Structure formats: structure tokens, C-alpha cells
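Below is one structure; the comments refer to it alone.
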Amino acid sequence: VLQVNSQITDYLLKPQLSFKIGNHHLKTGFSYVFHDISPNNSSAEQGETIFDLGEQQQFYSHEGAYYISDEFDLTDLWKIEAGLRVSAFAHTGPFTRYIVDENGSKQDTIRYGSGETIADYFGWEPRFSTSYQFSEKASVKASFTQNYQYVHLANLSPLALPTDVWLPSTEIVQPQLGRQYALGYFRLFEGGAIEASVEAYYKEMENLIEYKENTQPSDGVDNNEDNLLTFGRGESYGIEFFVRKNVGKTTGWIGYTLSRTDRQFDAINAGRWYPATFDRRHDIAIVVAHRLTDKWTLSGNFVYGTGRAITLPVSGYFIENTLVYNYSERNSFRMRNYHRMDLSATY
């Protein structure tokens, strides 16, 4: 029996302050997180025999950030919100680094003492948004955000089995960087009883992580998890439609998103772009509530989403009584579309 365990424990401190000076609404604060992560610790036994799978993996790291933002009216019709977040991250000991060659064979070992800095990073995270009111009924909004992500989620299985593991940034794993741009148009109808919007966005991502082709859970035994990874980039873009009815006996909203999320890794799928695991082309949500009487309310919601992308074997063959699979291109199959309806009556 082989068991694979993954665990993350965070200790967080996050004070915040908000105040006004004239027509400026200022927000500021800082955060500190201590991460204690065990990404892929394995144990194995057969009958009464317990196998030694080497030292348990443990990653310790510190993450801190300070931010300040200002929201103000440039004119009666033009609003601006601008801010800056400064973040820092450090991976510290105790930690054992296994030096491996291109074939994954261990060549050397480096041991770091408690509190010793192994890798550290620093990032500027600006953000800006603005809105312009054309009239009492119509406005347009635009925004830009840049973010660093220092803790990463990787999936070892193409079938979305419970083998997701969390990993911090290390000297091998660089922080993920994302930049998002958005532009939207918003309008009121029927004197504000109905509001509608359409918003388009584009996001580019760097330093994404994936496990190398043909990686198995047992490959993390007596090894560092980040030695099993490869690195690439991604992009996500789409358009969102939203309509909400706020007044009357019947209220509710409808939202629809048409989007696409792709990734590209030189060492995966022959370097060709492929859909991300959580790529969802169509996403629909409908929520309706009807006040039947002063005491009875009927409500319901319906959600629909494109099935997640997966990789499946398309053929197989035996080598010395061992079945070996040939897989399709990365994430070239889809699980069934997801849909659910909930109905309720409230007295």
C-alpha cells in the first residue's frame, strides 16, 4: 500500500486601516504569512513490512506585503483608484536539497540549517482602475492589475485525482507573475430597475508549473518535489455578460462567461499550446426569486459549465507483462459538462 500525503499550514497576521482625507479614500495595511508545507510525503507497507522511503519533505517560508491605495473623484464624472502592493518572500531552512541529473538520478545533497535563507524574492504589484460616467444610466470602466504568487498548486494526475500538491517558491520554482487587463460597459434600464454589463478581460501568466511528462507519485520519494517540475506560461481571456433585475415581485440575475485559458510548456505536448485543466469555455448562472405572497417566496438557481480538460490514454501495449499507455495530446479530452438546478420555497 502506497500512501501520498500533502499538507499546508499557514499562520497569518493582517492588520488594515481605512480613512478619508477630503475626497480621497485611503486604504493601507500589511500582511505576514508563515507557510509550513509538506507537498508529497509518502509511506508504503506490504503486510507487516514497512518500507523506508527516505526523509519526509518539509518546506518553510515567510511571505510579507505592504499595500496602499487611494480612491478619489477626479471630476464629478470620472473616478480613479490607484494602488501599489510590495511583496517579499523567503524560503528558509531546515531543508535538504537533492541535486539530480537530467535523468533524475541523485548526485549530491545540500543541507540548510534552521532559519537559513535558501531563496528570496521581491515584487512590485501596481494596480489601477478608472470609471467614467457618461450619464446617469451609462458608464465605462477599465483596470490593470499585476500580481505575484509565491505558493503554487500542481496536479500530478491528468484525471484530477486527489493528488494536488501545494509548493512554495524555491531556488528552482520562480514566483508566478500575472498581469490582467479589463474593460467594461455598464448601463441601467427602466429607471435603475434593471442593470446590465459587458466586460472583456485578458490575463497573461509567467512561471507556471507542471509536472514533467510521465511523472509518478513515487518519483517524489527521497527527492525534492520541485525537481519533478517544468515551467511555462499561460494566457486567459474572455467576455462576461451580466443582467440583474432589482425590483418587483420577481428579481434575479443572469450571468454568462465565454472564456479560454491556455498554457504552453516547452517540455509538454511538444511545446504546443493546450487548454489548462480548469479551462471552462462556457459558464452560465441563473438566479430567480419570486415573492408569491407576503409570506411565501419561491426561488431557484441553475448553473452550467463546460467540463474540465483531461488527458486520456488512446492505446496501450504490453512490455514484459507490464501495460504501457500511449496518451493523447495534453488535455485534448473533456469531462461531461456540469449542470445543476436547485429549487426552494420559503415561508
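Remark: pairs (first residue in the stretch 161-176, acidic (Asp, Glu); second residue in a strand (DSSP E or B) and at pLDDT 90 or above; Cβ separation under 7 Å; 6+ apart in sequence or on different chains) = Glu171/Ile118; Glu171/Ala119. Only one of the numbered conditions (1) modelled with pLDDT of 95 or more; (2) in contact with a Lys or Arg (Cβ under 8 Å, 6 or more places away or on another chain); (3) not polar (S, T, N, Q) is violated by Ala160, and that is (1).
Residues in the stretch 107-147 that are within 26 Å of Asn207 (Cβ to Cβ) and of a type in the set (D, E, K, R): Asp108, Glu116, Asp120, Glu125, Arg127. The requirement of being of a type in the set (Gly, Ala, Ser) and open to solvent by 40 Å² or more (accessible area, probe 1.4 Å) is not satisfied by Gly93.
In this structure, Ile37 qualifies as among the hydrophobic types (A, V, I, L, M, F, W, C) and modelled with pLDDT of 85 or more.
From the residues in the stretch 300-312 that are open to solvent by less than 40 Å² (accessible area, probe 1.4 Å) and of a type outside the set (A, V, I, L, M), which one is farthest from Tyr347 (Cα to Cα)? This residue is Thr311.
Taken residue by residue, the stretch 281-291 has at least one member that is under 30 Å from Val151 (Cα atoms), surrounded by 14 or more Cβ atoms within 10 Å (Cβ to Cβ) and in contact with a Lys or Arg (Cβ under 7 Å, 6 or more places away or on another chain). Comparison of Ala285, Ala267 shows that the only residue that is within 26 Å of the chain's Cα centre (by Cα), outside any strand (DSSP E or B) and on the phi < 0 side of the Ramachandran plot is Ala267.
Taking the stretch 77-105 only, how many residues are farther than 27 Å from Gln149 by Cβ and touching a strand residue (DSSP E or B) at 6+ places or on another chain (Cβ under 8 Å)? Within the stretch 77-105, residues that are farther than 27 Å from Gln149 by Cβ and touching a strand residue (DSSP E or B) at 6+ places or on another chain (Cβ under 8 Å) number 4. Tell me, which residue of the stretch 170-199 that is at pLDDT 95 or above, farther than 30 Å from Leu229 by Cα and of a type in the set (Phe, Trp, Tyr) is most open to solvent (accessible area, probe 1.4 Å)? Selected residue: Tyr185. Residue count for the stretch 113-126 satisfying the condition of being open to solvent by 80 Å² or more (accessible area, probe 1.4 Å) and either charged (D, E, K, R) or outside any strand (DSSP E or B) (or both): 3. Do we find a residue being open to solvent by less than 60 Å² (accessible area, probe 1.4 Å) and acidic (Asp, Glu) anywhere in the stretch 270-280? Yes, there is a match, as at least one residue in the stretch 270-280 is open to solvent by less than 60 Å² (accessible area, probe 1.4 Å) and acidic (Asp, Glu). If you check Thr257 against the conditions, is it surrounded by 15 or more Cβ atoms within 10 Å (Cβ to Cβ) and within 22 Å of the chain's Cα centre (by Cα)? For Thr257, the condition - surrounded by 15 or more Cβ atoms within 10 Å (Cβ to Cβ) and within 22 Å of the chain's Cα centre (by Cα) - is met.
Collect the residues in the stretch 313-343 that are closer than 30 Å to Gly252 by Cβ and either open to solvent by 70 Å² or more (accessible area, probe 1.4 Å) or touching an Asp or Glu at 6+ places or on another chain (Cβ under 9 Å) (or both), keeping them in residue-number order. Arg334, Met335, Arg336, Asn337, Tyr338, His339, Arg340, Met341, Leu343 - these are the residues of the stretch 313-343 that are closer than 30 Å to Gly252 by Cβ and either open to solvent by 70 Å² or more (accessible area, probe 1.4 Å) or touching an Asp or Glu at 6+ places or on another chain (Cβ under 9 Å) (or both).
So for the stretch 289-309 (the condition being among the small types (Gly, Ala, Ser), more than 17 Å from Glu213 (Cα to Cα) and assigned to a loop (DSSP other than H, G, I, E, B)), does at least one residue qualify? Let's see the steps before the verdict.
Our first condition is that a residue be among the small types (Gly, Ala, Ser); within the stretch 289-309, this holds for 289, 299-300, 305, 307, 309.
After this cut, where a residue has to be more than 17 Å from Glu213 (Cα to Cα) as well, the list is 289, 299-300, 305, 307.
Imposing the further condition that a residue be assigned to a loop (DSSP other than H, G, I, E, B) reduces the set to 307.
Yes, that holds for at least one residue.
So is Tyr67 closer than 21 Å to Tyr181 by Cα, open to solvent by 60 Å² or more (accessible area, probe 1.4 Å) and touching a residue at least 24 places away in the same chain (Cβ under 8 Å) or not? In short, no.
Would you say Phe89 is farther than 20 Å from Ile8 by Cα, modelled with pLDDT of 90 or more and not in a loop (DSSP other than H, G, I, E, B)? Taking the combined requirement at face value, the residue does not satisfy it. The residue that is modelled with the lowest pLDDT, among those in the stretch 43-62 that are in contact with a Ser or Thr (Cβ under 7 Å, 6 or more places away or on another chain) and open to solvent by less than 50 Å² (accessible area, probe 1.4 Å), is Leu53. Determine whether Thr261 is in a strand (DSSP E or B) and under 22 Å from Glu210 (Cα atoms). Yes: the conditions hold for Thr261.
The values are calculated or read from the model by the stated rules, or taken from the named source; none is laboratory data. Being a predicted model, the structure only gives us computed values, none of them experimental. Methodologically, a virtual Cβ is constructed for each residue, glycine included, from the backbone with ideal geometry; neighbour enumeration extends over all protein chains shown. The protein model used for the area step is the full one, side chains on, heavy atoms only, and it has no ligands, DNA or RNA in it. Shrake-Rupley method; radii C 1.70, N 1.55, O 1.52, S 1.80 Å.
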